[in-house]
1. Of everything in region B:331-340, what is out of contact with any helix residue (DSSP H, G or I) (no Cβ under 7 Å at 6 or more places or on another chain) and away from every other protein chain (no Cβ under 13 Å)? Give them in sequence order.
2. So is B:A250 in contact with a Leu (Cβ under 7 Å, 6 or more places away or on another chain) and within 12 Å of chain A (Cβ to nearest Cβ) or not?
3. Picking from A:Q205, A:Q210, which residue would you name as being modelled with pLDDT under 90, within 14 Å of chain B (Cβ to nearest Cβ) and either surrounded by 14 or more Cβ atoms within 10 Å (Cβ to Cβ) or over 21 Å from the mean Cα position of the chain (by Cα) (or both)?
4. State yes or no: is A:T223 in contact with a Pro (Cβ under 8 Å, 6 or more places away or on another chain), in a loop (DSSP other than H, G, I, E, B) and either surrounded by fewer than 19 Cβ atoms within 10 Å (Cβ to Cβ) or at pLDDT 90 or above (or both)?
5. Exactly one condition in (1) touching a Pro at 6+ places or on another chain (Cβ under 9 Å); (2) under 23 Å from A:Q152 (Cα atoms) is false for A:A69; which is it?
6. Looking only at region B:288-308, count how many residues are surrounded by fewer than 21 Cβ atoms within 10 Å (Cβ to Cβ) and within 11 Å of another protein chain (Cβ to nearest Cβ).
7. Within region B:258-329, which strands (runs of 3 or more DSSP E) (wholly inside it) include 1 or more residues that are within 22 Å of the chain's Cα centre (by Cα)?
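The values are calculated or read from the model by the stated rules, or taken from the named source; none is laboratory data. Just so we're clear, the structure is a prediction, and the values are computed from it rather than from any experiment. Cβ atoms come from the backbone with ideal geometry, glycine included; neighbour counts cover every protein chain shown.
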Amino acid sequence: MHIAVLLAGVADPRKPLPRPASGDWRELPCSDAISYKLSPFDEAALEIALKLRDQGAAARVTVVVTDGALDNALLRSVAALKPDRLLGLSPPAGQRGSAAWLARHAGDLLRADGAWPDLVLIGREHGDLDDGMTPAYLAESWRLPFVNLALQVQAGISGGWALLRSGARQDESLQVPAPAMASISNDKSNRLRHPLMKNVAMAKQFKFEQVTPDAGLAATPATPATSATPATPATSATPATFASPAPSAAPARPVTLVQAAPCSSSARGAQACHMFTGSVEEQAAALVAYLRAPTIDH
Amino acid sequence: MSNSDLHTTLVVVGAGMAGFATALQAAQAGHDVILLEKLEETGGSSAMSGGCLAFAGTDLQAADGVEDSSELLFKDLREVGKFENDENLVRAYVDNQLDTYEWMKQAGVQFGPHVETSSGQSVPRVHNVDPADAVRALAAAAKRTGRVQLMTGTQALRLVRAPSASSDAGDSNELGDAREGRVIGVVAHRDGVPFKILGSHGVVLTSGGFVQNAELIHRYAPQYNEDTAVFIGGAGNTGDGLKMAQQLGADCRDMLYIKGTYGKHPTDDTNHHSLLAVYKGAIAVNQDGKRYVDESISYKLLGDACIQQPYSATFQIFDQAIFDSGDNQTRILDIERRHEEGLVIQADTLEALAELIEVPAAVLVDTVATYNRDVDAGHDAEFGRAHLVHQHGKLVKIETGPFYAYPSTAAVYGTYCGLCVDAAMRVLDVYGESIAGLYAAGEVVGGLHGAAYMTGSALGKAAIFGRIAARTALAG
């Protein structure tokens, strides 16, 4: 069994955001001075994967870090928990928060050995720039069975997965076949373990070579973008497999959010929360109508 | 003198437990005080501490059937400090502790009902308070006197001495009653504006230690750096007061005894307190699964021993019976809370526990078996452990699952060293002579602890020595 976890760092709330040298806050997403940490949702997703491995339900755990993949401290904090494989996939600044970009690039990365992982886990919000759409968008794009807001995962007796979550009135268990995808919410049962000091010390020795995959805004063929290479030969105590750096990757070109998506043209955030109901097709149609008519009555 | 300069009777630098104790004592005697705090918030390291105070002969001990005395406290303090501490300071602590306990209660400090035993104590002597509440209680009592002016966001930069006769005549005139060379105030800084605060009875430094100055700590204790230890304490504890006094020739002591306290989880940054399950019977093992120390000794010495182990981190290993003996009224003994916080690693067997903490299972099992045999035999052949803590408590075996491991390293919570003072809290220079007008109390003072540390004596000395410093200054 192979379990993959998609993680996106969030800006560490304990540290002030660094003012860009230009003084233009719109360049903040380009800054490599931001300190990242995992969100509670991502921590829960990672803990569930590690727990399944502890229980023998997973032979290996692959972790892909997107936002914050350039932050060595973040990568080391994940490496100290000893996933079998740790990859970085750093979106260009203008594509951060873009589920479409992730769908194009992360999908190929996860299918690196020709098949989907048996389970893809992702926090219920993927990084600071996601409002919860990304998990469902990715599952839809990748055509994977999807369960939202799961709290626990168990391996099914006859294959597949049982995902537990808290419903509005009662807890529920949902069965899905493998491969599948789940977004994870956090609670006491999936609180991320603390790494052993020994593994923290070993992770400090790792060298993470960083390559930005795609400096432009246009979609490019999927490429494992960030490679993390241990300074010492991989052992059972270190992430076992690391992607090779993309040799032809170009240096990053500064991109501002304005270039990527002027906020004046964005409908999201300008309206109150709107809940769609009905079939997927009906919801999609309602969404299109909503986006085309931002003054729609709620 | 500038028009913005301030005048008072006593200037106190640093608004933690020692600062408020000093200020309150002076105000209760009818004197005006200006209390400076460079941060916007008061409390300092005191408010972040474990909330333990070491007193002997209290009503709480009597209610628990604990027989304790000033003489036993004196003996324990001297012993735990390996007789490296200043006997006169220890005597000052002991002679004033019981009165200070009552004084704190009258000021509104609330002590928990349960008294516990911890590092360096022959009998249960830890009196528990909520440390932030305790500081707030003293602050409120000081405020009620109407004589204490608290100035937050105001940093003392330098001490001011009365000018010599040959100095500028203008300065001499403004301090006509001051004796030559006497410390008469501080140069302070607020909102970018420097000004003087002058006290007719001098200055009391209650500015804390320098736990937030890793460079200075490393200078005195090279084994401690940001890779090997955790540094936890008031954000303002950078050694300001120490430097100000050193500029006037003040001497220091115990600097070589800076040590981390054992029992801090090395990779958790939410619970800053140490856990001493070893004082309830746990053993400490390193990453090789082996014991390395007599676990009953002072947790400062345990910290030093831990720092020298691989990865500067070890594990406290215990069983369900020891888990159940934890005390959720005493932070450093509250195993249950750490378990609820997900910090305690649990397994049904020692072998499974070894796998989780990545130590050789056979070695851990053998270590525990050997220890249990030694407990039965009444003699710890390897390290000579004879008690749970100091000279208190009978050793217990580790035999009833589930089994637990608490990852632990050394955290430098305080520097426990600093300015030389006499028993009246007068700061002494390098020739052992007092610096007129300068007094100190709390963590900035060295000499009480010596080579190691008794639980509760740091917060205890903040209150006790603060009161002594105020009395001495006002008598001068």
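1. Hits for region B:331-340 are B:R331, B:I332, B:D334, B:E336, B:R337.
2. So B:A250 does not fit the description; no.
3. A:Q205
4. Criteria met by A:T223.
5. Status for A:A69: all satisfied but (2).
6. 1
7. Once the strands (runs of 3 or more DSSP E) in region B:258-329 are filtered for at least 1 residues that are within 22 Å of the chain's Cα centre (by Cα), what remains is B:261-264.
Here is a yes/no grid of residues against (1) in contact (Cβ under 8 Å) with a residue 40 or more places away in the chain; (2) among the acidic types (D, E); (3) more than 12 Å from chain A (Cβ to nearest Cβ); (4) surrounded by fewer than 21 Cβ atoms within 10 Å (Cβ to Cβ):
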site: B:P310; (1), (2), (3), (4): no, no, no, yes
site: B:Q329; (1), (2), (3), (4): yes, no, yes, yes
site: B:G342; (1), (2), (3), (4): no, no, no, yes
site: B:A347; (1), (2), (3), (4): yes, no, no, yes
